[in-house]
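Novice: Please read through the structure below; I'll follow up with questions.
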Amino acid sequence: MTPTWTYPEFVDAARSDERVLGLVLTGSRGRGLFVRQDSDWDVRLVVDDESLAECEVRYDTPDGSALDVAVLSLSGFEQAGALGSESEWDRYSYSHSDVVLDKLDGRIAKLVAEKSVLPHGAALEIAGAALDAYINAYFRSAKNARAGLVVEAHLDAAESITPFLAALFAMYERVRPFNKYLRWELDTFPLEGDLWTADSLLPRLERIAADGAIGEQQSLFRDVEAFARERGLGHVVDGWESDFAFLRGA
């Protein structure tokens, strides 16, 4: 029968188990941010490849438990959040997380650190794809607004925010934070430039999310265009050259 673990009991059991190679505490508790009394303990438990099935049984926790444990083989952990994989969205889980156990002399911590940034070549590729997706969503929003489709324009405007943020952080070779941590990330690890501070950027995004704010979208596009060209992504923007006047709000 699966034990009902407390977090300290779980850590003690993992520490004494030779099959366990590492333990990473993610989420609010791992960052020490926005922690509530009822906050879960989000745990990534790394075990040797041969013991994965056994450890999945041993360390399984029931749904609704205060402990939310994902058991990963070492090889699976090395690939967790890999660029281009289905789990790439999860890379930020490892950013600013707490490496509680590392029985491999720093290897677990090194892997966690690698997941927190984007390699230079991959960052530019990710930024380019996200930038194009952002412009596409903004373009659809502006077209719908011009046609008097207010709700549709609003929905497309809201959809543009996710790829915009992905592009912005990737242009700095950084992983886009989950929305919950966006203000904290911008305040604690600021991006260069006055345009991208929390106090400058978040009100703009709020206006776009709240009502579509075409004027704000046009202004944001002009700023993004200039910044993307500085970062060597002018070719992505130039793919929309025939619509520049419309996109810029000229």
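Novice: Of these, Asp105, Asp63, which one is at positive phi, of a type in the set (Asp, Glu) and not in a helix (DSSP H, G or I)?
Specialist: None of the other options fit; the residue is Asp105.
So that you can scan it fast, the table gives a plain yes or no per residue for (1) buried (at least 17 other Cβ atoms within 10 Å of the Cβ); (2) in a helix (DSSP H, G or I); (3) out of contact with any Leu (no Cβ under 9 Å at 6 or more places or on another chain); (4) not aliphatic (A, V, I, L, M):
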residue: Trp184; (1), (2), (3), (4): no, yes, no, yes
residue: Leu202; (1), (2), (3), (4): no, yes, no, no
residue: Leu205; (1), (2), (3), (4): yes, yes, no, no
residue: Gly232; (1), (2), (3), (4): no, no, no, yes
residue: Val237; (1), (2), (3), (4): yes, yes, no, no
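Novice: If you don't mind, there's one more thing I want to ask. Being modelled with pLDDT of 95 or more and either in contact with a Phe, Trp or Tyr (Cβ under 7 Å, 6 or more places away or on another chain) or under 18 Å from Trp41 (Cα atoms) (or both) is the filter here; which residues of the stretch 71-91 pass it?
Specialist: Correct list: Val71, Leu72.
Novice: Which one is farthest from Arg140 (Cα to Cα), of the residues in the stretch 161-177 that are part of a helix (DSSP H, G or I) and among the β-branched types (Val, Ile, Thr)?
Specialist: Applying the filter and picking the extreme gives Thr162.
Novice: Does Ser95 satisfy the condition of being buried (at least 18 other Cβ atoms within 10 Å of the Cβ) and either in the same structural domain as Ala167 (by TED's automatic domain parsing) or among the hydroxyl-bearing types (Ser, Thr, Tyr) (or both)?
Specialist: Yes; evaluated as a whole, the condition is true for this residue.
Novice: Please enumerate the residues belonging to the stretch 232-250 that are of a type outside the set (A, V, I, L, M, F, W, C) and modelled with pLDDT under 95.
Specialist: Taking the stretch 232-250 and keeping what is of a type outside the set (A, V, I, L, M, F, W, C), we get 232, 234-235, 238-239, 241-243, 248-249.
Across the stretch 232-250, the qualifying residue is only Gly249.
Novice: Determine whether the stretch 5-14 contains at least one residue that is outside any loop (DSSP other than H, G, I, E, B), among the hydrophobic types (A, V, I, L, M, F, W, C) and without any contact (Cβ under 8 Å) to a residue 60 or more places away in the chain.
Specialist: Within the stretch 5-14, one or more residues are outside any loop (DSSP other than H, G, I, E, B), among the hydrophobic types (A, V, I, L, M, F, W, C) and without any contact (Cβ under 8 Å) to a residue 60 or more places away in the chain.
Novice: Scanning the stretch 108-157 for residues that are hydroxyl-bearing (Ser, Thr, Tyr) and part of a helix (DSSP H, G or I), which turns out farthest from Arg207 (Cα to Cα)?
Specialist: Step one: list which residues in the stretch 108-157 are hydroxyl-bearing (Ser, Thr, Tyr), which gives 116, 134, 138, 141.
Checking the rest, the ones that are also part of a helix (DSSP H, G or I) come to 134, 138, 141.
Working: Tyr134: 16, Tyr138: 14, Ser141: 14 Å.
Taking the candidates together, the pick is Tyr134.
The values are calculated or read from the model by the stated rules, or taken from the named source; none is laboratory data. These numbers were taken from a predicted model, which means no experiment stands behind them. No Cβ is skipped: glycine too gets one built from the backbone with ideal geometry, and neighbour counts run over all protein chains shown.
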